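Reviewing the structure listed below.
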Amino acid sequence: MKKFNYLFWTFLIVLFSLSVSAQNYALSFYPGTGSGINKNTFTVYGIDVSSNTKLTVEAWCNLESLLPGNMNIVIKENTDCMSSADIAYWMYINSTGYLVFHLGNGTSFTQVTTTNPIPLDEWHHLSGTWDGSTIRVYIDGIEEATGSLSGSLDVVNDAGEMNIGNRWYCYRQPYDGIIDELRIWDVDWTICTGNFLTHP
């Protein structure tokens, strides 16, 4: 049976019930301008992935525009300005529109980038999986690229925060668009094998 973090979903249910920064129960992010670049971050505490050797991160995303820096979908890092190897997991869209999935084990890190960019103003299912040795990234159920990482995820502070829609530590990396049905699984769920259902 596939398992996922119930605490994470509790936070999302609370958020949805309050209709905070939500559009049809999806999280809507707007980067703003100038000092407004720091706005629109959804933070969840206590997502424990310490010592995980398998992981799946998935979300439905509707990207509205490309920004100069990386556009953060979700990131789990330990504290301020961590080195790349100390970021447990990170999924973002880069400034040219490609999905990047990054995993770190405390010593090294691997980032895998899709071979195709994410089209704007459309819903697309984006995901990254890891089985303890191979990282895979998908767009709409189609495997785009793979990379290698062994060991276990590095999480010095497993109760530390996870940020959605912006990177909050060290510097900001806002996302411009909508994120829906973000899920973090503690298994390698190779969910994407061919055609994928359309966004509900």
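The residues listed here are GLY106, GLY69; of these, the one that is under 16 Å from the mean Cα position of the chain (by Cα) and not in a strand (DSSP E or B) is GLY69.
Those residues that are without any contact (Cβ under 8 Å) to a residue 24 or more places away in the chain and within 18 Å of LEU67 (Cα to Cα), I need them from segment 99-118; list them, please.
PRO117
Can we say PRO68 is over 21 Å from ARG183 (Cα atoms) and exposed (fewer than 14 other Cβ atoms within 10 Å of the Cβ)? Answer is yes for this residue. Go through TYR138, TYR169 for me and flag whichever is modelled with pLDDT of 90 or more and either under 13 Å from the mean Cα position of the chain (by Cα) or part of a loop (DSSP other than H, G, I, E, B) (or both). Going through TYR138, TYR169 in turn, the sole match is TYR138.
Only one of the listed residues (ALA159, ALA145) is among the small types (Gly, Ala, Ser) and at pLDDT 90 or above. That residue is ALA145.
With respect to (1) assigned to a strand (DSSP E or B); (2) surrounded by 16 or more Cβ atoms within 10 Å (Cβ to Cβ), the lone exception for ILE47 is condition (1). Evaluation of PRO119 against the conditions (1) at pLDDT 95 or above; (2) in a strand (DSSP E or B); (3) farther than 25 Å from ASP48 by Cβ shows that the sole unmet condition is (2).
The values are calculated or read from the model by the stated rules, or taken from the named source; none is laboratory data. Just so we're clear, the structure is a prediction, and the values are computed from it rather than from any experiment. Virtual Cβ from ideal backbone geometry, glycine too; neighbours counted across all protein chains shown.
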